[in-house]
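FYI, it's all coordinate maths here, none of it is from the lab. Note that the structure is a prediction, hence the values are computed from the model and not measured. Quick reminder, even Gly has a Cβ in these numbers, built from the backbone with ideal geometry, and neighbours come from all protein chains shown.
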Amino acid sequence: MDRTKLKVIGIGGTNGSGKDTLGFILAKHHNYLFVSVTELLREECTKRGIPASRENLRMVSSEWRREHGLGVLIDKAVEEFTSSTKTYSGVAIASLRNPGEVKEVHKLGGIVVWLDADPKVRFARIQKAAEHRSV
């Protein structure tokens with residue numbers, strides 16, 4: 001696949017702002033593959049047999065960036081897209097956390113969307129997500 005023809009939407013934003021929700025909407029209504037880089041990092045923590053704590057997620061992402069460059073999480077999402085047997089319109093990638101990821105999305109001809117929400121709404125969402133993960 002020609003990476004310059006790929007439709008890429010990078011999604012960044014504050015915690016609890018709705019990044020994953022936007023990714024799921026793009027998947028459901030616009031046939032995008034939604035890749036959560038947070039889930040990629042969680043999967044790596046599971047492979048390593050370590051808890052998927054924020055600290056460990058940061059540690060793995062920092063390690064990958066040192067070894068493979070600042071856009072590594074975008075690269076991994078694009079690999080998932082190109083290796084899929086299903087046909088998608090494009091790939092939506094959340095949660096962008098550093099300028100290298102934004103730069104990689106732009107290099108691919110994609111766009112980046114930044115989300116935010118009312119702090120009370122974000123707090124409620126973060127609490128709900130934490131409860132879900134601890135079950």
Q.
I'd like the Karplus ³J(HN,Hα) series for segment 59-68: coefficients 6.51, -1.76, 1.60, θ = phi - 60°, whole numbers in Hz, and an x wherever there's a Gly or Pro.
A. 4, 5, 5, 5, 4, 4, 5, 4, 7, 10
Q | Spin-label proximity, HIS106 to segment 3-39 - amide N less than 20 Å from point 7 Å beyond Cα toward beta carbon | A | 3-14
Q: Starting with the fewest neighbours, write out TRP114, TRP64 ranked by other beta-carbon atoms found within 10 Å of each beta-carbon.
A: TRP114, TRP64
Q.
Please arrange SER53, SER61 by how many other C-beta atoms lie within 10 Å of their C-beta, fewest to most.
A. SER53, SER61
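Can you check what the net charge comes to around ALA92, using other residues whose Cβ is under 12 Å from the Cβ of ALA92 (Lys, Arg +1; Asp, Glu -1)?
On the way: positive: LYS7, LYS19, LYS28; negative: ASP20, GLU80.
Surrounding charge for ALA92 is +1.
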(Q) Only four residue types carry charge here, +1 at the Cβ of Lys and Arg and -1 at the Cβ of Asp and Glu. Report the dipole size of the chain about the Cα centre in Debye, rounded to the nearest 20. (A) 180 debye
Q. In the neighborhood of ILE11, defined by Cβ-to-Cβ distances under 10 Å, what is the net charge if each Lys or Arg adds +1 and each Asp or Glu adds -1?
A. 0
Q. Which order do peptides 83-94, 31-42 fall in by mean Cβ count within 10 Å, highest first?
A. 31-42, 83-94
Q: Mind computing the radius of gyration and Dmax over the alpha-carbon atoms of segment 3-134? Å is fine for both.
A: 14.6, 41
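Once you charge only the Cβ atoms, +1 for Lys and Arg and -1 for Asp and Glu, what is the size of the charge dipole of segment 68-122 about its Cα centre, to the nearest 20 debye? Walk me through the numbers before you get to the answer.
On the way: 7 positive and 7 negative charges, 18 e Å.
With Lys and Arg at +1 and Asp and Glu at -1, about 80 debye.
Starting with the fewest neighbours, write out PHE81, PHE24 ranked by other beta-carbon atoms found within 10 Å of each beta-carbon. Display every interim value, and only then the final one.
Working: PHE81 22, PHE24 16.
Neighbour counts put them in this order, fewest first: PHE24, PHE81.
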